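K.L.:
A single structure is presented below for examination.
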Amino acid sequence: MTQRPLELILARNLMSALSTPAFLVDEGGLLVFYNEAAGMLLGKRFEELGTVGAEEWGSLFGPFDEQGEPIPYDELPLVTAVRAGRPAHGELTVRSTDGTLHEVEVSALPIQTPHGSQGAIAVFWPAASSNGAGPA
Amino acid sequence: MKVKLWGTRGSIPAPGPETIRYGGNTSCVGVTLSDGSMLALDAGTGIRCLGLAQPDEPTRLHILLTHLHLDHIQGLVFFAPAFRPQTEIVIWGPASPEASLRDRIARYISAPLSPVEVRELPCDVSFRHCPESEWEIGSARIRAASVTHRGPTLGYRIDDGDSSLTYIPDHEPALGADLESLEEDWISGFALARDTSLLIHDGQYTDAEYPCHVGWGHSATSHALSFARRTGAERTVLFHHDPLHSDDQLDALAVESQREWVELGGDPGTLELGAERDEFELPARAAKAAAATV
């Protein structure tokens with residue numbers, strides 16, 4: 001068994017208590033957790049989905065850009081944050097399991113530790129262009 | 001491997017007639033490895049008596065600090081071997097982005113808090129940040145990992161032969177988490193304690209006291225027991241007793257925790273509350289198996 005870094009454990013614990021959709025990736029960019037609010041947005045709880053890689057994530061939820069084109073996983077704010085080690089922000093559309101599209105703004109922050117980057121956390125907000133509608 | 005508790009109290013020394021059996025000294029555990037190497041886990045006030053028990057001869061000692069709260073370093077300037085030129089002391093501890101281990105400890109071992117400075121200690125003392133990977137001291141392999149507490153804090157696992165000791169005296173793994181349902185790899189300190197021979201773990205608060213201390217970095221009894229059960233520790237010692245807990249209160253807590261431990265499926269002989277001067281001998285598993293057949 002590989003122990004998760006403490007900083008990821010604490011991030012998950014915090015996210016579990018938030019009502020804002022939040023996502024967590026590890027240092028390799030693998031999605032390792034999202035909270036209940038994110039599960040409501042996506043239509044699937046994390047416990048049902050489990051840890052997922054880039055391809056599965058893309059096929060399930062998108063996301064898509066303003067033109068409706070899929071955004072490559074490597075270009076997502078969350079992945080940018082963990083790989084470049086800097087904050088990233090973006091506007092995108094995710095698709096829930098029932099097909100509903102949600103326009104959201106995403107802010108992602110790298111989790112930097114004395115031992116280097118351990119992952120990143122992203123929080124979703126309703127996109128300003130969507131007039132604040134939607135469950136995000 | 002031989003283990004001796006020299007200080008079992010948390011937060012602040014609590015001497016007095018009401019704490020005489022469990023002890024009033026703060027965190028310190030002496031470990032004698034199978035090759036004779038000597039370790040001290042933390043340097044609370046308990047390390048003063050550990051030092052007095054050391055022979056006055058050239059020796060090398062390792063002090064492994066979990067963190068730098070005062071109840072874990074206060075005994076350093078009263079540690080007799082530190083005042084002997086023939087002693088070599090290696091102090092291990094957590095790294096911090098703020099300052100080196102030496103500089104952070106020197107804030108305590110310096111004026112106006114101390115009459116001596118680090119540079120004035122007669123012994124040969126060095127300071128090392130614990131590495132991320134396992135390292136060796138004498139016959140033991142040492143592993144350190146960050147655990148849930150306030151500020152940079154480590155837990156330690158010491159493997160000597162087939163026996164192991166896990167020491168996590170300040171730990172709040174249940175902060176924002178349900179230890180009974182959480183996956184193993186998401187539990188703070190789990191890998192350190194998994195299947196360990198002896199787990200010395202934070203048990204500062206009763207379950208009734210804990211709600212007033214959420215986020216303070218310590219465990220309620222039920223959290224410590226859940227952690228012990230989930231990790232499969234063979235024997236567990238609850239440690240870092242609250243300074244407000246008298247011997248009588250700790251006796252009552254011992255009875256209650258035994259009841260809860262048995263309800264969780266634990267063997268009643270594998271859980272106890274640590275008392276100052278308690279000793280544990282951790283034989284190699286092969287020897288234990290042979291002894292069990294006698």
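Just so you know, all these numbers are worked out from the coordinates, no wet-lab data involved. Predicted model only: the values in this text are computed from it and were never measured. Using ideal geometry, Cβ is built from the backbone for each residue, glycine included, and neighbour counts are taken over all protein chains shown.
K.L.:
Shape of the protein assembly as shown from its Cα gyration tensor (a ≥ b ≥ c, root eigenvalues): rounded if a/c is under 1.5, otherwise prolate when a/b > b/c, or oblate?
P.N.:
Judged from the Cα gyration tensor, the protein assembly as shown comes out prolate (a/c at least 1.5, a/b above b/c).
K.L.:
Let me ask something else about it. Which of A:T80, A:A37, A:P63 sits closest to the plus end of the dipole of chain A, meaning its Cα is farthest towards the positive end, when Lys and Arg get +1 and Asp and Glu get -1 on the C-beta?
P.N.:
Toward the positive end, the furthest listed residue is A:A37.
K.L.:
Could you order peptides A:45-53, B:149-157 by the average number of other Cβ atoms within 10 Å of their residues, highest first?
P.N.:
Top to bottom by mean Cβ count within 10 Å: B:149-157, A:45-53.
K.L.:
Report for chain B the percent antiparallel among DSSP-assigned beta bridges with both residues inside it, nearest 5.
P.N.:
Values: 27 of 57 bridges.
Taking every DSSP beta bridge within chain B, about 45 percent pair in antiparallel fashion.
K.L.:
If you average the alpha carbon positions of the range A:1-73 and of the range B:54-69, how far apart do those two centres end up, in angstrom?
P.N.:
45
K.L.:
Compute the convex hull volume of the Cα atoms of the range B:171-256, divide it by the residue count, and report the result per residue in Å³ as a whole number.
P.N.:
Working: hull volume 7.7 nm³, N = 86.
Dividing the Cα hull volume of the range B:171-256 by its residue count gives 90 Å³.
K.L.:
Moving to a separate point now. Report the one residue of B:H149, B:S100, B:W186 whose Cα lies farthest in the direction of the positive end of the charge dipole of the range B:95-187 (charges on C-beta: Lys and Arg +1, Asp and Glu -1; origin at the Cα centre).
P.N.:
Projecting each Cα onto the dipole axis, the largest value belongs to B:S100.
K.L.:
Could you give the alpha-carbon Rg of the range B:113-201 over 2.2 N^0.38 Å, rounded to two decimals? All intermediate terms of the calculation are to be shown ahead of the outcome.
P.N.:
Details: Rg = 16.1 Å, N = 89, 2.2 N^0.38 = 12.1 Å.
Normalised Rg, Cα atoms only: 1.33.
K.L.:
Between A:E48 and A:L101, what FRET efficiency comes out of the Förster formula 1/(1 + (r/R0)^6) with R0 = 22 Å and r the beta carbon distance, rounded to 0.05?
P.N.:
0.60
K.L.:
While we're looking at this one, here's another question. Residue by residue through B:180-188, how many Cβ atoms from other chains fall within 10 Å of the Cβ on average?
P.N.:
Across the residues of B:180-188, the mean count of other-chain Cβ atoms within 10 Å is 4.
K.L.:
So, one more: Give the average, rounded to an integer, of partner chain Cβ atoms located within 10 angstrom of each Cβ in B:141-148.
P.N.:
The mean count of partner-chain Cβ atoms within 10 Å per residue comes to 2.
K.L.:
Over chain B, what is the relative contact order in percent, taking alpha-carbon pairs closer than 8 angstrom and at least six residues apart? Write down the numbers at each step before the final one.
P.N.:
On the way: 678 pairs, mean separation 55.5, N = 294.
After rounding, I find 19 percent.
K.L.:
Might you report the magnitude of the Cβ-based charge dipole of the protein assembly as shown about its Cα centre, with Lys and Arg at +1 and Asp and Glu at -1, to the nearest 20 debye?
P.N.:
Dipole of the protein assembly as shown, to the nearest 20 debye: 1080 debye.
K.L.:
Rounded to whole Å, give me the distance from the Cα center of the range B:140-214 to that of the range B:229-289.
P.N.:
14
K.L.:
Also, I was wondering about something else. For chain A, what's the relative contact order in percent, using C-alpha pairs closer than 8 Å and at least 6 residues apart?
P.N.:
25
K.L.:
Give me the percent relative contact order of the range B:1-136, please, defined on Cα pairs under 8 angstrom at least 6 residues apart. Each step should come with its number before you reach the end.
P.N.:
Details: 287 pairs, mean separation 25.5, N = 136.
Averaging sequence separation for qualifying contacts and normalising by length gives 19 percent for the range B:1-136.
K.L.:
Between rounded, prolate and oblate, where does the range B:14-127 land on the alpha carbon gyration tensor, with a ≥ b ≥ c its root eigenvalues, rounded for a/c under 1.5, else prolate if a/b exceeds b/c?
P.N.:
Since a/c stays below 1.5, the shape of the range B:14-127 is classed as rounded.
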